[in-house]
Amino acid sequence: MERSSLLAASYALDWLIGDPEWMPHPVRGMGWAIATGERVLRKSGSGKRWELATGGLLAATVPLVAAYTAKDIIRAAYTRQHVLGLIFEAWLAAACLATRNLLDEAAQVIRAIDEGDVAAARRRLARIVGRDAQSLDEREICRAVIETLAESFSDGIIAPLFYLSLGGVPAGIAYKAVNTLDSMIGHLDLKYRWFGRVAARLDDAANWIPARISAILICIAAKMVCGRGSGLRAVRIWLRDGSHHASPNAGQVESAMAGAVAARLGGSNRYDGERVESPLLGAEFQQPNRSAAVSALRVVAVASLLGVAAAWLSTRSNRHGG
């Protein structure tokens, strides 16, 4: 399939059906492979050097195997029947994207807040964030939604589009494997400090360009969604606070979003009961509220359309240029 057609088809398919839990999904296979690999490798040895080496081996192997498996599946499908190949290629590309699911899940949290059911909002929030959600108040729930929308916009929408446009489904699937590795083992706690170090660094590198593209798109979408001055405000906070975050990439999109919706992000979070402090982004703004969360939802929806349009145009221009 032509790269531009693949992008359009996969984005449309993701919007239409999202990722129903009853459907098979490549990420579940990746998760099984990572968990199995970790279990086998940890049984075979121990120590800092061993964990660094074997964790690095796992981080290199899973994306390569995932990419080649996707390529072989698509080739086999096309060999059997051309239409079958088109279906499998579009489905695998759509599986790299998370637009529909991200917006739906965030909207469900906001809907629970609208209904005054904070307990339900916490339960819905726990589906999309890693932090402890069981004791968050309404403003902290809104902050979590906004931060998750910003970060997931980058690694769940723009980064996959970026790699799909560069290398088709194999590149998109390889990126998804890198992102899954980071979410499973790329942590700074004692258990994964060495075993997950390569996975975390690989994810940082893979998201470096997409995160900055995402910040730009958020700034543009802010001007379209949030009214006069919002776009420039988003740019100003992004350029000022983008490098303050511990993550070289999360701070880019979260700071741009803080400026876009005029809400203070960052601060204190709990992960498995452990308090983690992060720098404030947009410190001069008020704490987020329901209105800011709705604005963030709209910004991401518009920015995702801008992103797929830009990716589509880039593949069209490259085709004609070649």
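Numbers for the structure displayed
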quantity	calculated
Computed over the range 3-321: relative contact order in percent, which uses C-alpha pairs under 8 Å that are six or more apart	22
For Pro170, net neighbour charge (Lys/Arg +1, Asp/Glu -1) across residues whose Cβ lies under 14 Å away	+2
Top positive-direction residue, dipole computed over the chain with Cβ charges, set Ala112, Ser247, Pro63	Pro63
Cross-link reach list, lysines versus Lys43, counting only Cα pairs under 20 Å and skipping chain neighbours closer than eight places	Lys191
Whole-Å distance, taken between Cα centres, linking the range 13-59 and the range 145-166	20
Relative contact order for the range 186-322, counting Cα pairs under 8 Å that sit 6 or more residues apart, in percent	21
Positive minus negative residues near Gly227 (Lys, Arg vs Asp, Glu; Cβ under 12 Å)	+4
Separation in nanometres of the label points that stand 7 Å from Cα toward Cβ, at Ile87 and Asp72	2.2
Pairs of Cα atoms farther than 20 Å apart, the range 174-237, %	47
10 Å-binned pair-distance histogram of the range 75-203 (Cα, whole percent)	12, 30, 30, 20, 7, 1
Span per principal axis, largest first, for the Cα atoms of the range 180-288 (Å)	47, 29, 19
Separation between Cα centres of the range 67-88 and the range 221-293, rounded to whole Å	42
Rounded to the nearest 20 debye, dipole of the chain from Cβ charges on Lys, Arg, Asp, Glu	560
Anchor Lys71: lysines whose Cα lies under 18 Å away (excluding residues fewer than 8 positions away in-chain)	Lys176
Low-density loop positions, GluC sites (Glu not before Pro), the range 232-320 - DSSP coil, at most 10 other Cβ in 10 Å	Glu284
Formal net charge of residues neighbouring Asn207 (Cβ-Cβ distance under 14 Å; K, R +1; D, E -1)	-3
Size of electric dipole in the range 218-322: Cβ of Lys, Arg +1 and of Asp, Glu -1, about Cα centre, debye, nearest 20	500
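We did not get these values from a lab; they are worked out from the coordinates using the rules stated. Values in this document were obtained by computation on a predicted structure and should not be read as measured data. Ideal geometry is used to build each Cβ from the backbone, glycine not excepted, and the neighbour counts take in all protein chains shown.
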